[in-house]
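Below is one structure, written out as structure tokens; the observations come after it.
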Amino acid sequence: MYDFELLTATSLNEAVTALQNEETQALAGGQTLIPTMKQRLASPERLVSLTRIKALQGVTVTAKEVVIGAATRHADVAVQAAACFPALADLAGHIGDPAVRNRGTIGGSLANNDPAACYPAAVLACGAVIETNLRRIAAEDYFDGMFGTALDDGELITAVRFPIPEIAHYEKFVQPASRFALVGVFVARFDGVVRVAVTGASQMGVFRWAEAEAALSNEFAPVAIDNLAIDPAELIADAHAAQTYRAHLVAVMTKRAVTAAHR
Amino acid sequence: MLQLNMTVNGQPVSGQAEGRTLLVQFLRDELGLTGTHIGCDTSQCGACIVHINGDAVKACTMFAAEAAGAKVNTIEGQANADGSLNRIQQAFQDNHGLQCGFCTPGMVMSATALLRHTPKPDESTIRTYLEGNICRCTGYHNIIKAVLAASEQDAFAQNPR
């Protein structure tokens, strides 16, 4: 590993102050950033570790929403959100592998916005709000293409507010080597209105499938999307799946998510 | 250089590290605990799994400084007090759950974490939990049998494939 400076913040203020320096990057669980640095795909001069900031950790539940601190690990979301929002807990409990889930955090996942990450699908399908040290960002305004977000330099995610849907489910087709989503679909219904968000499939990152949302809002059953298809032209093609295969998987995963959706 | 203090296998230890020093390098090079292996160095294989405050983590994907003050457990701390193999280690030996042995420290540490919160896992649970541990020798069958045996379940009753 190349040489760099590692700071450990114990308060949000300390972290935000450190991030004023443009050569400084935030380090959350490190499950993406550390491998990326080893490969020299990123080479920040200074890291500020966020994992000791207690104020960024934990799951808070109210009647209508779940608020998850940005530095809450996937393993903790899987346990602490299980009663109030089982679909989200289930998603968190299937990211990577157990050891990765004991380090990786929701804030880290959303700040990185990997086009095959799981959390972006939940955030977009639920219309969650990303809270930062500066503002609140609606899910629709947050994701900005592959690895792109609305975050400014030095801006730090502090929490994610999820409205709790009536019913929901996340279904992913796992790429077996990386355990990222080859295609993942999060389906959520709020007051009869269905939202469908797709990860892993598009060159533009996570997206909503509007036609499926309309059809499923009309009739919440797999058969409702029988005649719908995703245009493969802008989907990802790689060694694991061609565009047409990913398009096929989007429909299959959506149907499975609808079938499995529950409170 | 940073001066790091932590508790490793129940003993307070102190050592020097740079910010960039990975936990696995600190354990191996500074403390001489070479049982924790570096397999892929890309957090795929799980040969470097240790426990931090009871949680299994990949020591190649965590900086040593992030473990300052923590309770770290490695494969060196797993044997019984008299030096004999513990229940899980003995089950790996009894069931031929290893061949070359390179992945074994990580497998044992993962299995230990699994059995702590799921004392009687079924075969599917074990396979899923060991997703982040790669073995190139055994084909996994005997590792699954070993974990079933360590949890005092009859490996053959569940008929592992």
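A short reminder: the numbers here are calculations on the coordinates, not readings from a lab. What you see is a predicted model, and the numbers here were worked out from it, not measured in a lab. Every residue, glycine among them, receives a Cβ derived from its backbone with ideal geometry; neighbour counts consider all protein chains shown.
The figures follow:
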read-out	value
Cα centroid separation, segment B:1-31 to segment A:45-62 (Å)	23
Rg ratio (alpha-carbon, reference 2.2 N^0.38 Å) - segment B:2-77	0.95
Magnitude of the charge dipole, the protein assembly as shown, Cβ model with Lys/Arg +1 and Asp/Glu -1, debye to 20	880
Top positive-direction residue, dipole computed over chain A with Cβ charges, set A:200, A:58, A:83	A:83
Approximate spin-label separation residue A:13-residue B:7, in nm, with each point projected 7 Å along Cα-to-Cβ	3.2
Sequence-distant residues sharing a close amide H with residue A:66 (under 5 Å, placed H)	A:162, A:164
Calculated FRET efficiency for the pair residue B:82/residue A:229, C-beta based, R₀ 45 Å, to 0.05	0.10
Eligible aspartates and glutamates near residue B:145 by straight Cα distance, threshold 16 Å, same-chain separation 8 or greater	B:94, B:122, B:123, B:131, B:154
Centroid-to-centroid separation of segment B:83-141 and segment A:198-243 [C-alpha atoms, Å]	39
Under Karplus coefficients 6.51, -1.76 and 1.60, residue-wise ³J(HN,Hα) of segment B:123-135 in Hz, glycine/proline x	4, 4, 4, 5, 4, 5, 5, 8, 3, x, 10, 10, 10
Förster-model FRET efficiency, 25 Å R0, residue A:248 and residue A:146, C-beta, rounded to 0.05	0.70
Compactness of segment A:121-263 as Cα Rg over 2.2 N^0.38 Å, two decimals	1.05
Residue B:122-residue A:42 pseudo-label distance in nm [points 7 Å out on the Cα-to-Cβ vector]	4.0
Dipole of chain B [Lys/Arg +1, Asp/Glu -1 at C-beta], most positive-end residue of B:32, B:17, B:117	B:117
For the protein assembly as shown, average projected area of the Cα convex hull in nm²	21.0
All aspartates and glutamates inside 15 Å of residue A:54 as judged from Cα atoms, apart from same-chain residues fewer than 8 positions distant	A:14, A:76, B:66
Interchain or long-range residues, amide H under 5 Å from residue A:49's placed H	A:7, A:8, A:9, A:27
Neighbour-limited loop hits for GluC sites (Glu not before Pro), segment A:1-103 (at most 15 other Cβ within 10 Å; DSSP other than H, G, I, E, B)	A:22, A:23, A:45
In segment A:1-53, the trypsin sites (Lys or Arg not before Pro) that fall in loop regions by DSSP, at most 13 other Cβ within 10 Å	A:40
